[in-house]
1. Only one of T44, T53, T35, T90 is without any contact (Cβ under 8 Å) to a residue 40 or more places away in the chain and of a type outside the set (A, V, I, L, M, F, W, C); which?
2. Which is modelled with pLDDT under 70, in a loop (DSSP other than H, G, I, E, B) and buried (at least 19 other Cβ atoms within 10 Å of the Cβ), of D230, D239?
3. If you take the residues of region 31-42 that are open to solvent by 60 Å² or more (accessible area, probe 1.4 Å) and part of a strand (DSSP E or B), which of them is nearest to V84 (Cα to Cα)?
4. Suppose we keep only residues that are touching a residue at least 60 places away in the same chain (Cβ under 8 Å) and assigned to a strand (DSSP E or B) within region 263-282. Which one would you say is surrounded by the fewest Cβ atoms within 10 Å (Cβ to Cβ)?
5. Taking the options A161, A148, A153, name whichever one is part of a loop (DSSP other than H, G, I, E, B), small (G, A, S) and closer than 19 Å to A192 by Cα.
6. Does at least one position in region 50-58 carry a residue that is open to solvent by 70 Å² or more (accessible area, probe 1.4 Å) and not in a loop (DSSP other than H, G, I, E, B)?
7. Do you know which residues across region 283-294 are at pLDDT 95 or above and either touching a His at 6+ places or on another chain (Cβ under 8 Å) or open to solvent by less than 40 Å² (accessible area, probe 1.4 Å) (or both)?
8. Of these, V146, V202, V245, which one is modelled with pLDDT of 65 or more, at negative phi and touching a Pro at 6+ places or on another chain (Cβ under 7 Å)?
Amino acid sequence: MTAPTLRAPRWWQWRARLRQWWQGRLTAADAVLLTQRNVYILPTRAGLMLALTLGVLLIASINYQLNLGYLFTFLLAGCAAAGVWVGHGTLRGLGLKLLPPQPVFAGQPAFLDVRLSSARAAPRHAIGLAVMGAGREDARWAWADVPARGEAALQTSFCPARRGLHAAPLLVVQTLFPLGAFRIWTVWKPAAQVLAWPAPEVNAPPLPVGEARAGAGQAASRERAPGEFDGVRPWQHGDTLRQVVWKKFAKSGELVSRDAQHLQRQQLWLDFARTGAPDAESRLSRLAAWVLAADARQLEYGLRLPGLEIEPDSGAAHKLRCLRALALC
């Protein structure tokens with residue numbers, strides 16, 4: 001007997017379609033200026049209670065002909081109306097700019113840095129930023145005050161679950177200033193994309209055996225154990241300071257030098273077809289771990305992927321190029 005499938009209520013489906021239609025009408029931009037056309041206002045729970053209280057006070061004042069009741073009721077209503085104006089002015093005219101997001105590994109938080117700028121002569125208070133979908137009390141909300149004719153920085157994050165290019169999520173900017181009775185907010189759709197590299201394999205196998213360089217002769221064809229291709233040898237008297245691998249010394253305390261002769265004989269290739277992993281994503285994850293390991297040892301290495309071959313090189317730029325190729329493979 002099969003278990004019954006749970007279906008979403010019809011009203012929930014219509015709500016999701018309406019939200020999808022509305023989000024599709026938003027213009028993607030990494031810099032926006034908030035105006036009265038893209039700032040929205042709704043009462044909070046405190047605002048609804050305030051409205052209920054004002055209604056009770058007004059009915060009681062009418063029933064008992066209380067002049068002080070009228071005065072108190074309209075005074076509170078005036079304060080609420082002024083709060084709406086002040087809160088709307090807190091966001092109206094505010095400039096938002098998303099800085100270019102940095103690449104991350106899949107499964108790690110990608111941070112979005114936003115600059116808030118104000119040209120008016122008065123400060124703006126209690127402005128919050130979060131990814132759309134975060135609860136109002138969620139810890140992911142970031143808050144800041146923007147000084148008069150100044151700037152402030154806010155940071156939020158989201159977690160890309162898989163490798164590749166991801167569109168930056170919708171962001172919500174809001175304020176409850178000054179009374180907390182009304183929520184003034186806007187929805188912002190950035191145009192930026194975040195690159196997620198494959199998550200490196202934990203406890204990946206050692207680096208593969210180096211391949212013989214063309215024309216290296218029989219000296220390059222001797223077999224080496226897996227992981228032995230590190231291009232280093234124990235330190236010897238006469239080695240210069242430039243030959244010492246200081247990164248390895250800092251990690252393990254072992255003093256080793258670069259083996260120039262070995263590097264001339266061998267060439268390290270990280271090959272998608274020779275990783276030994278069972279599926280494509282596991283292979284890319286292992287290659288990412290190997291790229292990090294080879295870069296940490298300051299080795300020259302090349303990368304072979306289906307339809308792409310990156311010539312051996314070393315350095316930070318080469319590492320970023322290889323990781324980007326793995327992310328977009």
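The values are calculated or read from the model by the stated rules, or taken from the named source; none is laboratory data. Note that this is a predicted model, so its numbers are computed, not measured. Here the Cβ positions follow ideal geometry from the backbone for every residue, glycine too, while neighbour counts run over all protein chains shown. In case anyone asks, the SASA skips ligands and DNA or RNA and just uses the protein heavy atoms, side chains included. Shrake-Rupley method; radii C 1.70, N 1.55, O 1.52, S 1.80 Å.
1. Checking each option against the conditions leaves just T53.
2. Unique residue meeting the criteria: D230.
3. I41
4. Taking the candidates together, the pick is D271.
5. Details: A148 fails: closer than 19 Å to A192 by Cα; A153 fails: part of a loop (DSSP other than H, G, I, E, B).
When all the criteria are applied, what remains is A161.
6. Residues of region 50-58 open to solvent by 70 Å² or more (accessible area, probe 1.4 Å): 52, 56.
Narrowing further to those that are not in a loop (DSSP other than H, G, I, E, B): 52, 56.
Yes, region 50-58 contains a residue that is open to solvent by 70 Å² or more (accessible area, probe 1.4 Å) and not in a loop (DSSP other than H, G, I, E, B).
7. L284, S285, R286, L287, A288, A289, W290, V291
8. V146
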